[in-house]
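The values are calculated or read from the model by the stated rules, or taken from the named source; none is laboratory data. For clarity, every value in this text was computed on a predicted model and none was experimentally measured. Ideal geometry is used to build each Cβ from the backbone, glycine not excepted, and the neighbour counts take in all protein chains shown. These area figures cover heavy atoms from the full protein model, side chains too; ligands, DNA and RNA do not enter into them. Shrake-Rupley method; radii C 1.70, N 1.55, O 1.52, S 1.80 Å.
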There are 2 protein chains.
Amino acid sequence: MKNISELLDLEIPDKELVELILEHPLEDLLDNWDIFSNHHRIAIFRLSDLDTKVNLMTNLPPAAQEDILTFLSVQNTKSLFGEMEPDDVVDFIQAVNAEVRKSVWDSLSDESKKESLFLLRFDEDDAAGLMTPRYLEINVHATCDQALKFIRSHAEEVETIYYAYVLDEFKRLVGILSLKELILTSGDKPVREIMTTNIISVEEDRDQEDVAKVLETYNLLAVPVVNKQNILLGIVTFDDVIDVIREEQTEDVYKMGAMGGSLMPYLNSSILGLIRKRLPWLLVMLVVGAITTNVLDHYTGLFLSAAFLINFIPVITQTGGNTGSQSATLMIRGLATGEIHFRDIWKVLSRELLVGLVMGLIIGLVMVFRSYYLPPAGIEWLQAITIGLSMVFVVTFSTLIGSTAPLLIHKLGFDPAVMSGPLMSTVIDVAGLTIYFEFASRILL
Amino acid sequence: MKNISELLDLEIPDKELVELILEHPLEDLLDNWDIFSNHHRIAIFRLSDLDTKVNLMTNLPPAAQEDILTFLSVQNTKSLFGEMEPDDVVDFIQAVNAEVRKSVWDSLSDESKKESLFLLRFDEDDAAGLMTPRYLEINVHATCDQALKFIRSHAEEVETIYYAYVLDEFKRLVGILSLKELILTSGDKPVREIMTTNIISVEEDRDQEDVAKVLETYNLLAVPVVNKQNILLGIVTFDDVIDVIREEQTEDVYKMGAMGGSLMPYLNSSILGLIRKRLPWLLVMLVVGAITTNVLDHYTGLFLSAAFLINFIPVITQTGGNTGSQSATLMIRGLATGEIHFRDIWKVLSRELLVGLVMGLIIGLVMVFRSYYLPPAGIEWLQAITIGLSMVFVVTFSTLIGSTAPLLIHKLGFDPAVMSGPLMSTVIDVAGLTIYFEFASRILL
């Protein structure tokens, strides 16, 4: 089968082209959305079945969603949003521009409006911000037959029928009934006899990362969200948890690349938005990093009597920075996955000291031979040894700083991924250059 | 309730202590596993119910798993592995040392051995490496009542009962039946009338990242894995997909931190293992980065007549590196999520040019005033302007290189996260220093 960009090159009539395109799986449509003309996009959307429409709408970036909505008739919008899950509708309402938001709101049913208003009250990054209010609730006094009958008659209205939530008269969550248990049991046995009372739930203001961890640890399809009184507010399903994991992943990667963690896709961000996300970090690192200028100025006399030292400044700071960022990456990741805690600091330090010394000795040795044998020519043995020896200490120092900085920053309650970068690289540069020049002035002068 | 480390500080008798510890949720047990004594660990494990045992076993790091297994009786191991999913058993077998592996293997039932041998044939990182062979298969000629009866009688043996897979006489996958549809329909209607024939499946050798994307795009609980003849081999469930997403996340973060992507947890890695993962990258970057030494050597004459230039070398290379790594991060992430393609290169270049120019002008201006007004003293306006102007060009150049390098590397079929780091930072350093010194020699000499 021809792939989508090949099809577009064929220049066949639009109607046939769109039909051929629609034979491709949804991933391919999403992947090529930006190369379709607006005309094709609308045609593809119109000709898709309702499920595909919902999947397209929830997977496309906000700008593309807005484009489609502008072309849909009110009637079409109604059926689309009727089919979408309320938590997705709310995410959607919060992402699009004011004009589209208004037309979406107008096309919601009264029931959906009520649900959306309920959900909009909660913080987006909390457990409650992820939940859907469409779940099955069963009275604690029901029998299995009654429960199954209830599930059958409400299957179309809820996000998952595989768990039902058993509530007492005060709407407090007292048990969870899995459909699996239910279809294995029958008759007039009360549900309270087969429900799980060992309930795994999260409170409404629990951080979304924690919700993800709970669902993962117990391999659950959905986690119930309760308030302080244990009253059930909604459920968070596995698909929303996957979205959270992806989101947090992008945020972490951005932070490591020294940027604020906005989630807007690159090609949809405005130039101003990109600059606003990037420039502050560069300026912070510039201001802090400028300390190196003063360090270097302090040693001007040394350079003038041993000019070759200048040539190795970038290699020294680079290697220190690379080593430090390896250590920091290991710590940041370990802290994020919960493998490393602050209490491990001595264990970490002793390992990093060993790793740093061994790597430093090898790198130092390489530097001695590299400086002596390779151009630029004219470096003597003593000078080469000065450079190699500095490297041993710079590498060791960098592993120690690179590993302790994130642990300390985390302990102080800050985000190590954000704070480690600029702080650490400056400390390493300043310390690395000082080590280098102090060695040089002692050995060579 | 006291938290676990507070409980340990109380020094109450072991039996009571373990009982109090067991009242905490599983996440807390896992989080504190490393501060328990070995004695407590065994007691906690022994006193847990079978579900908790399985969850402990699948969530603990390999070394901790091995410790527990050494203490378990053969009978206990049997019931534990009888309860674990075959794909988890296989992951486990591949992770532990040879001695433990042998005792695990001996304790498996004949059925489990057969399943494990079947699964061990496939590559770990492929769709087939993630699948479980425990799924529900229904004959295409069955009625709904027969199907439901079959599901009831096999519910305990399969990983999920929420989808059943409809096969023809050649074991080819012809439809998917959701339990939801099934309990809404009843009687002797043939399953083929209510099954979905619009099947979303993956081929056995599909990369695990792709499997994750398919499950996410369609919000599925499980994806069937088929061979080239469309014969069903197994299913991949959402919990395994979440594991894949986490794994790939760790790999990506490690690559950005300039390390090989082994997944061994930090505290369980040997010193030698850590060095092997880190040193090769440092050496590559050292060798490539050493080009800067030659660049600097080339300009020795310039330094001797304008020594202040030396002081700004680290700030120039740092800012270039930071800017470049922001651009590279945006590209690497965009390529990974499928938002950015090579075909967008001109769009990307024009945005980065604009972003780079604006950021460069602001940073350049900051540098002019910083150099003139702040220590080290003695910098003249013309010298300050030289530094500022160099910065404008270095920043702009870095955004362009930082964005194009990952796109080109990806286009050539390499992994941009691995390759961009060392290559890019060297190019930026070499180019940045050259820009700086060329400006300086033209303006100042």
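Among A:379, B:231, the sequence by solvent-accessible area, most first, with a 1.4 Å probe is B:231, A:379. Summary of the geometry: segment B:8-39 and segment A:49-115, compared by the centres of their Cα atoms, lie 49 Å apart.
If you fit an axis through the alpha-carbon atoms of helix A:416-444 and take the longest principal axis of the Cα set of chain A, what angle between them do you get, 0 to 90°, nearest 10? In chain A, helix A:416-444 runs at an angle near 10 degrees to the longest axis. For the set A:114/A:171; A:347/B:255; B:114/B:171; A:2/B:411; B:113/B:180, the pairs lying more than 22 angstrom apart at their alpha carbons are A:347/B:255; B:113/B:180. Translational diffusion coefficient of the protein assembly as shown at 4 °C, 1.567 mPa s, Stokes-Einstein with Kirkwood Rh over Cα pairs, in µm²/s as a whole number. So the translational diffusion coefficient is about 43 µm²/s.
Note on chain A: Kirkwood hydrodynamic radius from all Cα pairs is 26.9 Å, rounded to one decimal. The orientation-averaged projected area of the convex hull spanned by the Cα atoms of segment B:157-305 comes to 16.3 nm².
Residues whose amide H falls under 5 Å from that of residue A:163, counting only those 5 or more places apart or on a different chain, are A:179, with hydrogens built in the peptide plane. The B and A chains share an interface that buries close to 11100 Å² of accessible area, total over both sides, probe 1.4 Å. What separates the Cα centres of segment B:214-252 and segment A:196-260 is a distance of 20 Å. Each copy carries a label point for residue B:46 at 7 Å from Cα toward Cβ; from one copy, the others' points are 7.3 nm away, ordered from shortest. Ligands, DNA and RNA aside, residue A:427 has an accessible area near 60 Å² when probed at 1.4 Å. Placing a label point 7 Å from the Cα of residue A:141 along the Cα-to-Cβ direction, the distances to the matching points in the other copies come to 5.0 nm, shortest first.
Of the residues B:306, B:18, B:257, the one whose Cα sits farthest toward the positive end of the charge dipole of chain B, with +1 on the Cβ of Lys and Arg and -1 on the Cβ of Asp and Glu, is B:306.
Taking 0.36 nm per residue of sequence separation and removing the Cα-Cα distance, the residue B:353/residue B:200 pair yields an extension gain of 50.9 nm.
Helix B:62-71 and the longest principal axis of the Cα set of chain B meet at an angle near 40°.
Rolled with a 1.4 Å probe across the full set of protein chains, the surface gives residue B:125 an accessible area near 80 Å². Only sites in a loop by DSSP and with at most 13 other Cβ atoms within 10 Å count here; which GluC sites (Glu not before Pro) in segment A:343-445 make the cut? Sparse-neighbourhood loop GluC sites (Glu not before Pro): A:380. Reducing segment B:296-311 and segment A:291-364 to their Cα centroids gives an inter-centroid distance of 26 Å. Contact-buried residues of segment B:292-316, at a threshold of 40 Å² lost accessible area versus the chain by itself: B:293, B:294, B:296, B:297, B:304, B:310, B:311, B:314, B:315 (1.4 Å probe; DNA, RNA and ligands ignored). Carbon-plus-sulfur accessible fraction, the protein assembly as shown (probe radius 1.4 Å, protein heavy atoms only): 57%. For segment A:5-31, a reduction of at least 20 Å² in accessible area between the chain on its own and the assembled protein chains (probe 1.4 Å) is found at A:26, A:27, A:31.
Note on exposure: B:46, B:172, A:278, B:41 ranked by accessible area (1.4 Å probe, complete protein assembly) read B:46, B:172, B:41, A:278, with the most exposed listed first. Here segment A:1-90 is assigned +1 on the Cβ of each Lys and Arg and -1 on the Cβ of each Asp and Glu. Its dipole about the Cα centre then comes out at about 360 debye. The contact residues of segment A:320-345, meaning those that lose at least 30 Å² of 1.4 Å-probe accessible area when all protein chains sit together rather than their chain alone, are A:322, A:326, A:329, A:330, A:333, A:339, A:341, A:343.
Principal-axis analysis of the Cα atoms of chain B puts helix B:98-107 at an angle of about 20° to the longest axis.
For residue A:19, the solvent-accessible surface with a 1.4 Å probe is about 90 Å², rounded to the nearest 10. For the options B:348, B:90, B:244, a Gaussian network treatment of chain B with springs between C-alpha atoms closer than 10 Å singles out B:348 as fluctuating the most. Could you pull the copy-to-copy label distances for residue A:354, with points set 7 Å along Cα to Cβ, in nm to one decimal and sorted shortest first? For residue A:354, the inter-copy label distances come out at 5.4 nm. Accessible surface for chain A, divided over its residues, is 43 Å² per residue with a 1.4 Å probe. Solvent-accessible surface of protein heavy atoms, probed at 1.4 angstrom with all chains present, puts A:45, A:71, A:118 in the order A:71, A:118, A:45, largest first.
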